[in-house]
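The values are calculated or read from the model by the stated rules, or taken from the named source; none is laboratory data. All values derive from a computational prediction rather than experimental measurement. Using ideal geometry, Cβ is built from the backbone for each residue, glycine included, and neighbour counts are taken over all protein chains shown. The area values use the complete protein model at the heavy-atom level, side chains included, leaving out ligands, DNA and RNA. Shrake-Rupley method; radii C 1.70, N 1.55, O 1.52, S 1.80 Å.
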Amino acid sequence: MSGILVFGEMNPDGLGGVTGELLALARSLAADTGDEVTVALQSDSVGSEAEEAVALGADIVLKVESEILAEPQIDAHLAAFEQVCRAVDPGVALLGRTPLGRDVGPRLAFRIGAAVAQDCVEVSVNPDTGRILATRPVYGGSAISRVSFSGDGAQVVIVRPKTFEPLDPDASRSGDVRDFPVTLDESAIRARLVDTVTQQAEGVRLEDASIVVSGGRGLGGPEPFQQLQSLSHLLGGALGASRAACDAGWIDHSHQVGLTGKTITPDLYITIGISGASQHMAGCSASKNIVAINRDEDANIFKSATFGVVGDWNRVLPSFIETVRELRDG
Amino acid sequence: MSINIVVCAKQVVDPETPASAFRIDSDAKRVLPAAGIPPVVNGFDENAVEAALQLKETVGASVTVLSVGSGFVMDVMKKPLSMGADQLVLVDDPLVADLDSFATARALAESVKKLGEFDLVLCGRQASDWDNAMAPLGVAEMLGIPCVTLAQKIEVEDDGGIVVQRALTDGYEVVRATLPALVTVSNELGEPRYPTLRGIMTAGRKRPTVWSASDIGLRASDLAPKLLLEDLFVPVSDRQCELIGGEDDADAGRNLALRLREARLI
């Protein structure tokens, strides 16, 4: 058992973003262990993505091709990756905490009897044992835990997306591209994906926005979100919300930022009436600058904010928006 | 038609515990319960109870709530009963306290087997303490049944099939499976109902079934952790917040905009 195996995800445009992030992490671990980095690319057909994966750090690319893998059918991808894993017998398996990886990783681990470190934000090699040491936020981000794996079995590490920077593609890197034949049939799919419904909010995607304006429980109702919407338009940003505001039905869940919503990484994150519960901060703590408008000076959000106003948003917000508009027009 | 539903629920530290009251015993590597703040049923597990009760109303169901742990607070764990669940089964044993996801899944799976006939196992998408979102997947694997995560809507069809809407960040997937199956429930399913007065009185009269680890056939060696907790600590934020003031709140709002412009952020 040795080597690092990456569960590579593909999207219609090429490698999924998380694959580059996982390869970068794999290379940094391999620098300490001397391991080979193998990536499994699972799809109906793998093309230039294989070379792309080599350029981003893979030593070996396994093309795992089957009609059945064209869609994100979790059961099929799990069955395929299980076959890869049993053949490669890696010391470490890396997956992203994506809609696919978050299910495939733990279920694979239960099948092969391995432990899982979930939602990791730092991963390193313990120089004394050669085993993985992983850091992950727990209690919704209120605490940080560091975990290791008992025994000497395989270590499944699931990584929080957007935590690691992909390497710059290096076209001069060389790697082995191989076919990995898998035996899959329809019966592997016991829970079948039959439809995907996209509900994309208008305008800039929250995940891509450089400015996000978010509202929370402190807004007291759905109406103020119109003011927040116009502020976000004014700034060319996107509109977010806390889980409390979404669960209350004030705004659609597609706007939810947090541990169980979207993870955002804007340059400027303006929060209004958000207390900053750790659950929420888990989705926005990578923001470069957080601005908090909140009535409660002890609110947790001020601990993470760069700029803050302690006051009633009903009075703060209109003059703030007006001044932003003047600055933009002037 | 009536189905048997098992809802797995966990007693957790109240996630609304204010940061100022959140304490860790770093030697024992565990979170200390805050004085005066009782534990709660994990929020997503309450969403799962709500999903079960909705199915009870639409297709008819018997709803058993199952929890594995120790130090249960009975008033807390009886809440699903007061919402309308039929029975409560607690595996209450120091041996099953603080398990890793693998051992938790094992204990839950063995308990579900001991309960006998079941059609649907519902779990919250993750517990608000360790946020692992893994034990339910393990239960499904160990029981050898289909697994669908992150449900925002669950429908049971006459032919024993289920159709689940799986919440994604930009919409949802529609997934079909046949019973028996395991489904994890997300908050998008809807707020759990409040217990009614009648529900609270009915729940008060119900006695939970209490099992020990040996009742579900498990010994300490079956529950040894695969994942080891090396360290647990509260993160320190190094950000200093610059508070912007003014003559009044409106003035502060103006000053905030000016300061953000000065910092070239807008």
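Within the range B:213-238, which residues are in a loop (DSSP other than H, G, I, E, B) and more than 7 Å from chain A (Cβ to nearest Cβ)? If the condition is that a residue be in a loop (DSSP other than H, G, I, E, B) and more than 7 Å from chain A (Cβ to nearest Cβ), then B:Ala213, B:Gly217, B:Leu218, B:Arg219, B:Ala224, B:Val236, B:Asp238 are the ones that fit. Checking each residue in the range B:53-72 for being surrounded by 13 or more Cβ atoms within 10 Å (Cβ to Cβ) and not in a helix (DSSP H, G or I) picks out B:Val59, B:Ala61, B:Ser62, B:Val63, B:Thr64, B:Val65, B:Leu66, B:Ser67, B:Val68, B:Gly69, B:Ser70, B:Phe72.
The listed residues are A:Ser278, A:Ser242, and the only one of them that is in contact with a Phe, Trp or Tyr (Cβ under 7 Å, 6 or more places away or on another chain), closer than 24 Å to A:Ile144 by Cα, open to solvent by less than 30 Å² (accessible area, probe 1.4 Å) and not hydrophobic (A, V, I, L, M, F, W, C) turns out to be A:Ser278. Residues in the range B:249-265 include none that are outside any helix (DSSP H, G or I), modelled with pLDDT of 95 or more and open to solvent by 60 Å² or more (accessible area, probe 1.4 Å). Please go through the range A:250-275 and pick out each residue that is over 22 Å from A:Val204 (Cα atoms) and either at the interface with chain B (Cβ under 8 Å from one of its Cβ atoms) or open to solvent by 40 Å² or more (accessible area, probe 1.4 Å) (or both). The one that is over 22 Å from A:Val204 (Cα atoms) and either at the interface with chain B (Cβ under 8 Å from one of its Cβ atoms) or open to solvent by 40 Å² or more (accessible area, probe 1.4 Å) (or both): A:Ser275. Which members of the range B:13-42 meet the condition of being at pLDDT 95 or above and not in a loop (DSSP other than H, G, I, E, B)? Residues satisfying the conditions are B:Val40, B:Val41.
Per the conditions (1) touching a residue at least 12 places away in the same chain (Cβ under 8 Å); (2) of a type in the set (A, V, I, L, M, F, W, C); (3) surrounded by 14 or more Cβ atoms within 10 Å (Cβ to Cβ); (4) within 8 Å of chain A (Cβ to nearest Cβ), the sole criterion not satisfied by B:Cys241 is (1). When restricted to residues that are free of Cβ contacts under 8 Å to residues at least 24 places away in the same chain and either in a loop (DSSP other than H, G, I, E, B) or among the charged types (D, E, K, R) (or both), the range A:306-330 contains 8. The helices (runs of 4 or more DSSP H) falling completely within the range A:31-123 that include 1 or more residues that are within 14 Å of chain B (Cβ to nearest Cβ) and modelled with pLDDT of 95 or more map to A:74-88, A:101-112. Only a single criterion out of (1) more than 21 Å from the chain's Cα centre (by Cα); (2) of a type outside the set (Ser, Thr, Tyr); (3) facing chain A (nearest Cβ under 8 Å); (4) assigned to a loop (DSSP other than H, G, I, E, B) is not satisfied by B:Glu191, namely (1).
Counting only strands (runs of 3 or more DSSP E) that sit completely within the range A:135-238, those holding 1 or more residues that are basic (Lys, Arg) and crowded, with 18+ Cβ neighbours inside 10 Å correspond to A:143-149, A:191-198. Of the residues making up the range A:293-317, those that are out of contact with any Pro (no Cβ under 9 Å at 6 or more places or on another chain), facing another protein chain (nearest Cβ under 7 Å) and not β-branched (Val, Ile, Thr) are A:Phe302, A:Lys303, A:Ser304, A:Ala305, A:Phe307, A:Gly308, A:Gly311, A:Asp312, A:Arg315. Scanning the range A:124-134 for residues that are without any contact (Cβ under 8 Å) to a residue 24 or more places away in the chain and part of a strand (DSSP E or B), we see that the one that is least open to solvent (accessible area, probe 1.4 Å) is A:Ala134.
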